[in-house]
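The values are calculated or read from the model by the stated rules, or taken from the named source; none is laboratory data. Just so we're clear, the structure is a prediction, and the values are computed from it rather than from any experiment. Every residue, glycine as well, gets a Cβ built from its backbone with ideal geometry; the counts of neighbours run over all protein chains shown. When the accessible area is computed, the model is the full protein with side chains, heavy atoms only, and any ligands, DNA or RNA have been set aside. Shrake-Rupley method; radii C 1.70, N 1.55, O 1.52, S 1.80 Å.
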Amino acid sequence: MTQDKILKKALESQSIDTLPTDFNSRLMTRIYAENETKKKRIFVLGISAISTASLCLISLGIYLLKDYITFSFQLPVLSSEAKAIYGFSFYIAFLVSILIVLDSFFRTIRQKRKKAEFK
Amino acid sequence: MENQDELIYIKRILEGETNLFSYFPERYSRSIHALIIRIIPSKEDAEELTQDTFIKAFRKLDTFKGDCSFSTWLYRIAYNTAVSATRKRKIIFPVLDDFSLENIPDDAVDLILEKEDDETLLQRLELAIEQLNMEDKALITLYYLEEKSIAEVAVILELTPENVKVKLFRARKKLYVLING
């Protein structure tokens with residue numbers, strides 16, 4: 001079948017229409033635009049996910065605290081035990097914040113190293 | 001080795017070096033355009049669809065697993081893009097009677113297609129190619145012009161290798177019928 005030389009010749013002679021010379025540069029402009037859209041999409045998705053997760057955590061916190069106060073304490077005065085729980089919560093939140101900052105910091109360093117390796 | 005280089009390029013593009021993507025249109029735009037223009041007769045539409053193929057490839061670059069060569073993957077996107085376009089534009093291809101193909105001996109087809117310097121036959125063959133359906137056009141373009149293997153053509157057109165062989169033989173017979181009016 002590969003010997004069908006006249007068929008190949010006919011196909012070759014038909015391929016006269018070529019792409020314009022600026023085709024690749026126009027395409028790359030669209031690719032860069034597409035890349036920006038992709039980045040924005042990822043950013044918006046990330047923000048949405050973080051917002052949803054935060055709202056869920058806040059709702060859960062409010063629900064738990066409300067429940068705790070309703071059943072354990074009739075008065076809206078915080079006991080030392082409740083204060084301790086608040087303190088503990090802030091302590092955990094502080095540790096989580098530090099971990100997030102460290103994670104972001106090390107990721108940036110890792111990405112920079114990878115880029116340097118490829119260069 | 002070439003495929004390995006392309007995998008490295010893809011990895012780097014996914015890590016943010018978008019400018020490296022220019023390697024792919026520089027290397028494959030002509031071949032992709034040659035396949036699309038065979039299916040979509042309009043020059044402007046073929047150019048637009050060639051661009052769409054590369055943009056789709058860029059969008060889905062993270063889904064390329066490397067189980068076939070990048071060019072095969074790109075041709076598959078191009079073929080699917082062109083097929084979708086023919087459906088949207090309602091392009092109709094002539095249908096040949098399958099029964100008439102059964103009666104054509106393989107030797108007669110071989111004899112005609114083995115000729116090389118027959119100008120009249122060449123012109124008739126060019127006209128005959130125009131009248132093939134899109135799958136046959138894609139088949140012969142990939143196999144004869146782009147010199148893809150049967151296995152690669154099968155991946156691009158999402159067929160089995162046996163099916164590709166059968167369809168190639170049938171395409172040759174269709175050309176024989178169209179040449180002989």
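Just how many % of Cα pairs in the range B:3-89 lie over 17 Å apart, if you round to the nearest whole percent? Write down the numbers at each step before the final one.
Values: 1660 of 3741 pairs.
Here the tail beyond 17 Å accounts for 44 percent of pairs.
Annotation: lysines with alpha-carbon distance below 22 angstrom to A:Lys112 (same-chain offsets under eight excluded): A:Lys38, A:Lys39, A:Lys40, B:Lys11.
Using the Cα gyration tensor of chain B, with a ≥ b ≥ c the square roots of its eigenvalues, what is the shape: rounded (a/c below 1.5), prolate (a/b larger than b/c) or oblate (neither)? Intermediate values should be presented prior to the final figure.
On the way: a/c = 2.29, a/b = 1.94, b/c = 1.18.
Cα axes put chain B in the prolate bin.
Counting heavy atoms of the protein chains alone, A:Lys114 has an accessible area of about 70 Å² for a 1.4 Å probe. In order along the range B:55-71, the phi-based Karplus estimate (6.51 cos²θ - 1.76 cosθ + 1.60, θ = phi - 60°) of 3J(HN,Hα) comes to 5, 4, 4, 5, 4, 9, 4, 5, 8, 6, 9, x, 6, 9, 6, 4, 5 Hz; Gly and Pro are listed as x.
Counting only protein heavy atoms and a 1.4 Å probe, tell me what percentage of the protein assembly as shown's accessible area is made up of carbon and sulfur. Write down the numbers at each step before the final one.
Values: 11010 of 18720 Å².
Result for the protein assembly as shown: 59 percent of the exposed heavy-atom area is carbon or sulfur.
Cross-link partners for A:Lys5 among the lysines, with Cα-Cα distance under 18 Å and sequence neighbours closer than 8 places in the same chain left out: B:Lys115, B:Lys137, B:Lys148, B:Lys165, B:Lys173, B:Lys174. Cut-off under 13 Å on the C-alpha distance; same-chain residues fewer than 8 positions from B:Lys65 excluded. Which aspartates and glutamates are left, in chain and number order? Reachable aspartates and glutamates: B:Glu6. By a 1.4 Å probe calculation restricted to protein chains, B:Asp117 has an accessible surface near 130 Å², given to the nearest 10. Think of each Lys and Arg Cβ as +1 and each Asp and Glu Cβ as -1; about the Cα centre, that makes the dipole of the protein assembly as shown roughly 1800 debye. Relative to the Cα centre, the charge distribution of the range B:98-180, modelled as +1 at Lys and Arg Cβ and -1 at Asp and Glu Cβ, gives a dipole magnitude of about 260 debye. Amide H contacts under 5 Å for B:Glu15: none, restricted to partners 5 or more places along the chain or on a different chain, H placed in the peptide plane at 1.01 Å from N. The simple Förster model, with R0 at 35 Å and r as the Cβ-Cβ distance, assigns A:Lys112 and B:Glu147 a FRET efficiency of 0.25.
Accessible surface of B:Arg89, taken over heavy atoms with a 1.4 Å probe and every protein chain present, rounds to 100 Å². For the range B:21-36, putting each phi into the Karplus relation 6.51 cos²θ - 1.76 cosθ + 1.60 with θ = phi - 60° gives couplings of 5, 4, 4, 5, x, 4, 8, 10, 4, 5, 5, 5, 4, 4, 6, 5 Hz, in residue order, rounded to whole numbers and with x for Gly and Pro. Taking a ≥ b ≥ c as the square roots of the Cα gyration tensor eigenvalues, with a/c under 1.5 meaning rounded and otherwise prolate when a/b beats b/c, else oblate, which class fits the range B:98-180? Verdict is prolate for the range B:98-180. Charged side chains reduced to their Cβ positions (Lys and Arg at +1, Asp and Glu at -1) give the range B:3-89 a dipole of some 380 debye around its Cα centre.
For the protein assembly as shown, what class follows from the C-alpha gyration tensor (a ≥ b ≥ c being the square roots of its eigenvalues): rounded when a/c is under 1.5, otherwise prolate if a/b is larger than b/c, else oblate? Mind showing how you got there, number by number?
Details: a/c = 3.68, a/b = 2.79, b/c = 1.32.
It is prolate, given that a/c is not under 1.5 and a/b is the larger ratio.
Per-residue mean of foreign Cβ neighbours for B:20-30 is 3 (Cβ atoms of other chains, 10 Å radius).
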